[in-house]
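This report refers to the structure that appears directly beneath it.
The values are calculated or read from the model by the stated rules, or taken from the named source; none is laboratory data. Everything quoted here is computed from the prediction, not taken from an experiment. A quick note on method: Cβ atoms are made from the backbone with ideal geometry, for glycine too, and the neighbour counts reach across all protein chains shown.
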Amino acid sequence: MKILIVDDSAVVRTVVTQALGMAGYTDLAEAVDGVSALEMAQAPGAAFGLYILDVNMPRMDGITLVAELRKLDPRSPIIMLTTETDKAKMTLAKELGATGWIVKPFDAEKFIGVVKLFVKKE
Amino acid sequence: MKRHTGGFASRLLSLNTEISRWQSGDLVQLSVIEQALAGCTDDPGFGARPPAEQELVIRLKNSLWDLLDVEKETPWLGLAAQLGALSAPRLPPETNPAPLPSPNPPEAPPSTDLYPPGYFDHIIQDPKMLGQLCDEVKEHMDIAQFTLVDLEFDSTNPETINKIFRAFHTIKSSAAFLGLKNLEEAAHAIEDIMVLVRDGALPIDKDLINVIFYGVGLLKDLVGIIEMSDFQVEVMVESFRHIDLARSIAIFKKIHKDHGNRKIGQILQESGQLDQSMVTLILDQQKRTNQKFGEIAVEQNLISEDDLKVSLRKQGGGTKRSSFVKVSNERLNSLIDIVGELVVNQSMLRQYLLNPESSRETGDRTFSQLESITTNIKNLVLSMGMVPITEIFNKLRVVIRNTAAETGKTISVEFRGDDTELDRNVIENIYDPLVHIVRNAVDHGIEGPQDRKAAGKTSVGTIVVAAEHKGNSIEISVSDDGRGIDQKAVLAKAVANGLVTPAQAAAMSEREVYALLMLPGFSTKEVVTEVSGRGVGMDVVQQNVDLIHGKVEIHSQPGAGSKFVLRIPLTLAIIDGFVTVIDDIKYIFPFNLIEEIIVPEPTALTRLDSGQFLLFDRGVYTPIIVAADLFGHPASDQTRKLVIVISYEGSRYGIAVDAILGKQEIVIKTLNEALESLQAFSGGTIFGDGSIGFVVDIEKFILAARGETTREQDKGRAS
């Protein structure tokens, strides 16, 4: 399963990549903002099984990205990475099609637990 | 209290709790709920559960993903709510004569029986283990009895109190294992009382000791019944039923309730370990299960067992910390000893004075004894206001760890002398400077891992924070093995910022260069990093340390590291003063600020048009503050015989005085309201000969002097 990680913070991308790597997921793609993420998702042959999105990003924020992604891919789960202060936006994100959220900072174990849950569901 | 329904009930309970913590879309919680559900279905006891319960758990498990569906979420939670009813305790509510705070009192039918049905159903029929328990209880109760007698004589010994506590505690848990709920409850109730005693919330008196003696007897009686029954459960239960345990326990619980009123949840919430929602949740669960608040919180991993212990200790008392000072037994005993010596000394002095034939030698000896007694009392009393620096060190550890994480550095920290004690007022003032210094050390001092390798160092940086007694002061140092301070960079920055001229810069000594770091607004790092903040330099450190009459020293070796040393007086109430005289009145300046004393040649003094005097000495001009003017002495000969030079905020000031009486320990007394308007003083003091002196507050003094100077300059320009 291919996973797309979208976050403008290199640290967050590294943490997510490492956590996924530890759990055995290595087929990963990274984007630094909503626009480049959308371009990657629109590219021919792109088939992501899971999206992990930051909320606050330059060029296109995570909430807008959810709406755009759902036009392309109605099925794959979209996990939002939020901070406590972003939590208010989560209702909107859910209405637009986000699957759920994880509050940053999170520990790797819990994060992997969530990803595994989705893989198990598939 | 131990649960008797076994492991499965607790699984249902935690499942229930996790579900109640659900927030729409919270994926981590989703996986936690999933694990809790799997925990139930995977439990070996699952097959033995009532079919309705099994079916419900499986349905919830299979439809877990409904939780993420806006429309199906609520129905799923409704289904889960049925689980709450199922996981309610199977045991009847505890015999608890005290009214429960619950709005729904247990709906047990009124019974003439002393014990609820099923109360004795869980006793383990194992004669060997029951026999062991009886031996254990008898042994512990013997110990408790002996110790209680000791307690009557010495009610403060913590070890004695602990022994009794442990006796009941051990019995409580052993009894619980064997299902002897009556024994367990009785032991538990007395244990609770002992917790209050141990934590100082409940004073020991004759009545309390009698109550505990009664408890010992009660447990012994119960054990006697077990032994008499020949360990036959039916036989012992028959006898148990005739003992009105509830009444006895009600007595214990009343004592406990009267003294332990604060709720544990409140304490945990105050200390920030639980938030309101968690507290509400636990209280909910508590209503259903009769478990202890703390037990639920620990079980649900909301708090650690250690946190609980700390809070339980707080529950016992000790909340009035601000108005009381803890004094160790040892120190109190020393004080009592010394006061004893003082009484002896007093009668010796009286003898000496009454006896006309007393020799001068006897008088001297008696008096020097008195001196040594006074010194001891002074030191002891001061030490009672002292607190160990450990608390600050623990906070610094966190600061260093966080700063290191923010800056991507690996740092090993060492703390030395954490038992060093400081005046509590001093402690308040050194925390901020120390935080600033350690942050600087992590951020600017220690290099990044790459730079360290390039410099031939290990990739892990080292910071040593040490506290040490040095005579009448405490020395706290922060050393790092980082890049050291680049003197050239400091000078370049100082010149660029207009703090010094290039010529001045070229002539500066190493110490003077480091002193530049403490000037307001100075920051050596070109790029302002997030950690050290903007525009806040070492001047903050200097200011805070000045407040408590301390000194900051900087040592550094390029490439090898830096060391910041704070030299702090042991206490604020007694200072090393430098006693001076102006027009026969004594003024005391803080000794640590004195740089030198100059006897000026008349030609060395220059009077500017503004009226300001300058002292020219060894190539340096130092402004002179005519203290007599500031202190309101009538104008007289303004060139005094002596100039003391003090160093304050990196500048030198000369203060003209008539005479110097030297360094002396000064006990600062607060001035009364009438004198408080004298802005330049921090207090007064009384000397041995009964004369008084004024202790100069150097910060206010300099400010007043500067104000004076500018006004005079203005006058000068106008004329």
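Just so you know, in the range B:619-647 the residues that are modelled with pLDDT under 85, over 15 Å from B:Tyr587 (Cα atoms) and of a type in the set (A, V, I, L, M) include one that is surrounded by the fewest Cβ atoms within 10 Å (Cβ to Cβ), and it is B:Ala635. Within the range B:414-430, the set of residues being under 16 Å from the mean Cα position of the chain (by Cα), surrounded by fewer than 18 Cβ atoms within 10 Å (Cβ to Cβ) and closer than 14 Å to B:Ala466 by Cα comprises B:Asp418, B:Asp419. No other residue among B:Glu428, B:Glu406 is charged (D, E, K, R), touching an Asp or Glu at 6+ places or on another chain (Cβ under 9 Å) and modelled with pLDDT under 80 apart from B:Glu406. Looking across B:Glu71, B:Glu107, one residue alone is modelled with pLDDT under 80, more than 26 Å from B:Glu185 (Cβ to Cβ) and exposed (fewer than 12 other Cβ atoms within 10 Å of the Cβ). It is B:Glu71. If you go through the range B:17-32 and keep only what is touching a helix residue (DSSP H, G or I) at 6+ places or on another chain (Cβ under 8 Å) and either of a type in the set (A, V, I, L, M, F, W, C) or within 11 Å of chain A (Cβ to nearest Cβ) (or both), you end up with B:Ile19, B:Trp22, B:Gln23, B:Ser24, B:Gly25, B:Leu27, B:Val28, B:Gln29, B:Leu30, B:Ser31, B:Val32.
Here B:Lys488 clears all of (1) on the phi > 0 side of the Ramachandran plot; (2) without any contact (Cβ under 8 Å) to a residue 24 or more places away in the chain except the condition numbered (1). Taking the range A:6-122 as the region of interest, the strands (runs of 3 or more DSSP E) fully inside it that hold 2 or more residues being surrounded by fewer than 21 Cβ atoms within 10 Å (Cβ to Cβ) and more than 14 Å from every other protein chain (Cβ to nearest Cβ) are A:28-31.
Results for (1) surrounded by fewer than 19 Cβ atoms within 10 Å (Cβ to Cβ); (2) closer than 27 Å to B:Val513 by Cα; (3) free of Cβ contacts under 8 Å to residues at least 40 places away in the same chain; (4) in contact with a strand residue (DSSP E or B) (Cβ under 6 Å, 6 or more places away or on another chain), shown as yes or no for each residue.
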site	(1), (2), (3), (4)
B:Val545	no, yes, no, yes
B:Ser556	no, yes, no, yes
B:Phe564	no, yes, no, yes
B:Val581	yes, no, no, yes
B:Ile585	yes, no, no, no
B:Phe591	no, yes, no, yes
B:Ile597	yes, yes, no, yes
B:Pro602	yes, no, yes, no
B:Arg607	yes, no, yes, yes
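Against the condition at negative phi, surrounded by 15 or more Cβ atoms within 10 Å (Cβ to Cβ), away from every other protein chain (no Cβ under 14 Å) and at pLDDT 80 or above, how does B:Leu56 come out, does it pass? For B:Leu56, the condition - at negative phi, surrounded by 15 or more Cβ atoms within 10 Å (Cβ to Cβ), away from every other protein chain (no Cβ under 14 Å) and at pLDDT 80 or above - is met. In the range B:548-565, which residue that is in a strand (DSSP E or B), touching a Leu at 6+ places or on another chain (Cβ under 8 Å) and not charged (D, E, K, R) is nearest to B:Ile646 (Cα to Cα)? Result: B:Val552.
Here's the yes/no breakdown for (1) loosely packed, with under 15 Cβ neighbours inside 10 Å; (2) in a loop (DSSP other than H, G, I, E, B); (3) modelled with pLDDT of 75 or more; (4) aliphatic (A, V, I, L, M):
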| position | (1), (2), (3), (4) |
| --- | --- |
| B:Gly662 | yes, no, yes, no |
| B:Ile666 | no, no, yes, yes |
| B:Leu675 | yes, no, no, yes |
| B:Ser682 | no, no, yes, no |
| B:Val695 | no, no, yes, yes |
| B:Phe701 | no, no, yes, no |
| B:Gly707 | yes, no, no, no |
| B:Gly716 | yes, no, no, no |
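B:Asn345 - would you say it is part of a helix (DSSP H, G or I) and within 30 Å of B:Val565 (Cβ to Cβ)? The answer is no for B:Asn345. Note on the range B:33-47: among residues that are touching a helix residue (DSSP H, G or I) at 6+ places or on another chain (Cβ under 8 Å) and surrounded by fewer than 20 Cβ atoms within 10 Å (Cβ to Cβ), the one that is nearest to the other protein chains (Cβ to nearest Cβ) is B:Gln35. Restricting the range B:234-248 to residues that are modelled with pLDDT of 85 or more and crowded, with 19+ Cβ neighbours inside 10 Å, the residue that is farthest from B:Ala189 (Cα to Cα) is B:Met236. Of A:Lys104, A:Lys110, all but one fail to be touching a residue at least 40 places away in the same chain (Cβ under 8 Å) and charged (D, E, K, R); the exception is A:Lys104. If the condition is being assigned to a loop (DSSP other than H, G, I, E, B) and either touching a Ser or Thr at 6+ places or on another chain (Cβ under 9 Å) or modelled with pLDDT of 85 or more (or both), then the range B:450-471 contributes B:Ala455, B:Gly456, B:Lys457, B:Thr458, B:Ser459, B:Val460. Scanning the range B:112-141 for residues that are of a type in the set (Val, Ile, Thr) and within 43 Å of the chain's Cα centre (by Cα) yields a single hit, B:Val137. Here A:Gly113 meets each of (1) modelled with pLDDT under 85; (2) under 18 Å from B:Val32 (Cβ atoms) with one exception, condition (1).
Here's the yes/no breakdown for (1) of a type in the set (S, T, N, Q); (2) outside any helix (DSSP H, G or I); (3) at pLDDT 80 or above:
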{"position": "B:Ser111", "(1), (2), (3)": "yes, yes, no"}
{"position": "B:Met129", "(1), (2), (3)": "no, no, no"}
{"position": "B:Lys138", "(1), (2), (3)": "no, no, yes"}
{"position": "B:Ile143", "(1), (2), (3)": "no, no, yes"}
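Restricting attention to the range B:198-217, the residues that are surrounded by fewer than 23 Cβ atoms within 10 Å (Cβ to Cβ), assigned to a helix (DSSP H, G or I) and among the aliphatic types (A, V, I, L, M) total 4.
Within the set A:Ala19, A:Ala46, A:Ala31, the sole residue that is farther than 22 Å from A:Lys121 by Cβ and either among the hydrophobic types (A, V, I, L, M, F, W, C) or out of contact with any Cys (no Cβ under 6 Å at 6 or more places or on another chain) (or both) turns out to be A:Ala31.
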